[in-house]
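Notes follow once the structure below has been shown.
The values are calculated or read from the model by the stated rules, or taken from the named source; none is laboratory data. A quick note: this is a predicted structure, and the numbers were derived from the prediction, not measured. Heads up, the Cβs are rebuilt from the backbone with ideal geometry, glycines too, and the neighbour counts pull from every protein chain shown. Remember, those area values only see protein heavy atoms, side chains included, never the ligands or the DNA or RNA. Shrake-Rupley method; radii C 1.70, N 1.55, O 1.52, S 1.80 Å.
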Protein chains: 2
Amino acid sequence: MEVKLGVWIRQNSRHVYGDGRQYLLKKIGDLGSIRQAALEMGMSYRAAWGKIKATEEGLGIKLLERTVGGKAGGGAILTEEAKRLIGAYEEFRQGLDELVNERLTKSLKKQGLVL
Amino acid sequence: MEVKLGVWIRQNSRHVYGDGRQYLLKKIGDLGSIRQAALEMGMSYRAAWGKIKATEEGLGIKLLERTVGGKAGGGAILTEEAKRLIGAYEEFRQGLDELVNERLTKSLKKQGLVL
């Protein structure tokens, strides 16, 4: 038996961040491009851009700086705040499943249930 | 900003318990009837019965005893193990959202982010 968790960070009842957004933002950071990240994730550029925009607006922080020209023909790099958001979410999410699993096991045991 | 959680207890990758199942089981206990519980939840009898069956099989415990005849024309009552499962899940779930919210806030603050 295991517990699977879904985590949705919401602002005014709207989804603004979570595991999927974290993955997307890291991928953009790694590849330096929204377009490349979207491609790798099987998502349209428009969808990826919309998600980033919704997070920026929801959280009130700027996540990406656009780079212009150069070999790559322009791209995107993470802002300092985006890096801090990724770091914070990583720390928060790390070990959360285990913590929740332990909590459930403890409650079940207290009731004499070993499932 | 708030964190919303989804909790899925799984056995061999199959969903066997969670917030919805807990609600259904409690409702059956309150009403003494799968049919009445299903009706109140806008669910078919077949769907409700299937969920209970999947939980029983997944967790390897019996949840309901059938009652026969009487004024209500037969119904269902919770087994001792079902009551313990409800109690355990209630304890586990109580305060979990707050705990996770605090964990996130702490990680964000450590990164100097107040969202």
Inset, instruction - Using 0.36 nm per residue of separation minus the Cα-Cα distance, give me the extension gain between B:Ala47 and B:Thr79 in nm, one decimal. - result: 9.5 nm
Inset, instruction - Taking chain B as the reference, fit the longest principal axis to its C-alpha atoms, fit the long axis of helix B:96-110 to the helix C-alpha atoms, and give the angle between the two in degrees, 0 to 90, nearest 10. - result: 10
Legend entry - J(HN,Hα) series, the stretch A:85-92, from Karplus relation 6.51 cos²θ - 1.76 cosθ + 1.60, nearest Hz, glycine and proline x: 5, 4, x, 5, 5, 4, 4, 4
Inset, instruction - Can you give me the three principal axis dimensions of the stretch A:31-94 from its C-alpha atoms, in Å, biggest first? - result: 35, 24, 23
Legend entry - Residues whose placed amide H lies under 5 Å from that of B:Leu113, excluding near-sequence neighbours: none
Legend entry - Relative counts (whole %) of C-alpha pair distances in chain A, using bins that are 5 Å wide: 2, 11, 18, 19, 15, 11, 8, 6, 5, 3, 1, 1, 0
Inset, instruction - Using the heavy atoms of the protein chains and a 1.4 angstrom probe, tell me the accessible area per residue for chain A in square angstrom. - result: 56
Legend entry - Mean separation of Cα contacts under 8 Å, 6 or more apart, over the residue count of chain B: relative contact order %: 24
Legend entry - Straight-distance crosslink candidates among aspartates and glutamates, where the alpha carbon sits under 14 Å from B:Lys4 and sequence neighbours closer than 8 are dropped: A:Asp19, B:Asp19, B:Asp97, B:Glu98, B:Glu102
Legend entry - For the stretch B:1-54 and the stretch A:19-44, distance of Cα centres in Å: 36
Inset, instruction - Collect residues whose amide H, placed 1.01 Å from N in the peptide plane, falls under 5 Å from the amide H of B:Ser33; neighbours closer than 5 in sequence don't count. - result: B:Ala76
Legend entry - B:Tyr23 accessible area, assembled protein chains, probe 1.4 Å, Å²: 130
Legend entry - Calculated label separations, A:Glu40, copies of the chain, 7 Å along the beta-carbon direction, nm: 5.0
Legend entry - J(HN,Hα) series, the stretch A:11-26, from Karplus relation 6.51 cos²θ - 1.76 cosθ + 1.60, nearest Hz, glycine and proline x: 10, 6, 6, 10, 5, 10, 7, x, 4, x, 5, 4, 4, 4, 5, 4
Legend entry - Long-range amide H partners of A:Val16 with built H, under 5 Å: A:Ile9, A:Arg10, A:Gln11
Legend entry - Taking only Cα atoms of the protein assembly as shown, radius of gyration then Dmax in Å: 22.6, 82
Legend entry - Cα lying deepest toward the dipole's positive end in the stretch A:1-70, options A:Leu39, A:Leu24, A:Gly58, charges on Cβ: A:Gly58
